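Some notes on the structure that comes next.
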Amino acid sequence: MTKNIKLYVEKDYDALSKRAALIFAKQVNAAPLAAFGFATGGTPVGMYEELKKMRARNEIYLDQITAFNLDEYYPIENTNTQSYAYFMAENLFDEVNLPKEKRNIPNGDSSNPTAECVAYDEKINRCGGIEMQILGLGTNGHIGFNEPAEFFSGATVHVELAESTIQSNARFFDDEKDVPRHAITMGIRTILMAKRILLLVSGEAKADILRDALIGPITPNVPASALQLHRDVIVIADEAAAKHL
Ligand code: PGA
């Protein structure tokens, strides 16, 4: 593995979540007014639980950061309980008192998604860029909703979801037919512009793709392999996910 990637292998999901929260808290406490990038999905939920406990113990202050989420379904209203706006409010933001005006999530209800993408990147830039971006890893190698493709994406972009992502995310919906078919996601270039990246990966089902992402060829067929080009990546995996590393 290249030197720009620092790997922590933790015993299980619980240990992974605690480690991730500690690393993230240290970064926030060092730059409490900066912008930070958040992710949804099952993987970061344990880390968010830890951050809420740390906030209750006054070990971290998230009140003054600016948050930027990686992605949002399209089309979706932010009051929809399946939206990532709702997910973040429920799983972290409400409980750590992050003011609503500091929560940036692509607007899945925009009538002009292209303009929404441009405005999103501009806002990240105006805030001085992202200090640390949290990422999960899709079983197909996606980061954000950057699905395997012929080319790496650049800026924030309106995309069509891969069939494998729709199937994987169907577990959060009553019916697979209800999963939105599109999304707005930070592009690969937007993600790589974050100063530090914190990638969380749990479970044996991700072991093959984690190996491909970190030590396989850099290819848009495995979007996460672009992380090999970033100069400061921290990967926290549990033993099951790290078994091929
Ligand atoms: P998961 O999703 O954390 O629910 O496994 C990760 C992702 O798709 O990015």
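Of the residues making up the stretch 187-222, those that are part of a helix (DSSP H, G or I) and either without any contact (Cβ under 8 Å) to a residue 60 or more places away in the chain or more than 12 Å from the ligand (Cβ to nearest atom) (or both) are ILE188, ARG189, THR190, LEU192, GLU204, ALA207, ASP208, ARG211, ASP212, LEU214, ILE215.
Kindly indicate whether GLU90 is over 23 Å from ARG189 (Cα atoms), of a type outside the set (S, T, N, Q), surrounded by 14 or more Cβ atoms within 10 Å (Cβ to Cβ) and within 16 Å of the ligand (Cβ to nearest atom). So GLU90 does not fit the description; no. Filtered by the rule that a residue be crowded, with 18+ Cβ neighbours inside 10 Å and either polar (S, T, N, Q) or more than 17 Å from ARG103 (Cα to Cα) (or both), the stretch 28-43 gives THR40, GLY41, THR43. Of all the criteria given as (1) within 23 Å of GLU10 (Cβ to Cβ); (2) hydrophobic (A, V, I, L, M, F, W, C); (3) part of a helix (DSSP H, G or I), the one not satisfied by ALA240 is (3).
Quick grid of which residues meet (1) more than 16 Å from the ligand (Cβ to nearest atom); (2) assigned to a helix (DSSP H, G or I); (3) touching a Phe, Trp or Tyr at 6+ places or on another chain (Cβ under 6 Å):
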| site | (1), (2), (3) |
| --- | --- |
| CYS117 | yes, yes, no |
| THR139 | no, no, no |
| ALA155 | yes, no, no |
| VAL159 | no, no, yes |
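Just one residue in the set SER164, SER110 is more than 17 Å from the chain's Cα centre (by Cα), surrounded by 15 or more Cβ atoms within 10 Å (Cβ to Cβ), at pLDDT below 95 and of a type in the set (Gly, Ala, Ser); that residue is SER164.
Checking each residue in the stretch 46-77 for being out of contact with any Pro (no Cβ under 8 Å at 6 or more places or on another chain), closer than 24 Å to THR185 by Cβ and either buried (at least 17 other Cβ atoms within 10 Å of the Cβ) or among the basic types (Lys, Arg) (or both) picks out GLY46, MET47, TYR48, LEU51, LEU62, THR66, ALA67, PHE68, LEU70.
Across the stretch 8-27, the number of residues qualifying as surrounded by 22 or more Cβ atoms within 10 Å (Cβ to Cβ) and of a type in the set (Gly, Ala, Ser) comes to 3. Look at the stretch 165-177: where a residue is within 12 Å of the ligand (Cβ to nearest atom) and a partner is not in a helix (DSSP H, G or I), sitting 6+ places away or on another chain with Cβ atoms under 6 Å, you get ILE166/VAL179; ASN169/VAL179; ALA170/VAL179.
The values are calculated or read from the model by the stated rules, or taken from the named source; none is laboratory data. Keep in mind that what you see is a predicted model, and the values were worked out from it rather than measured. Positions of Cβ are generated from backbone atoms using ideal geometry, with glycine treated the same way; all protein chains shown enter the neighbour counts.
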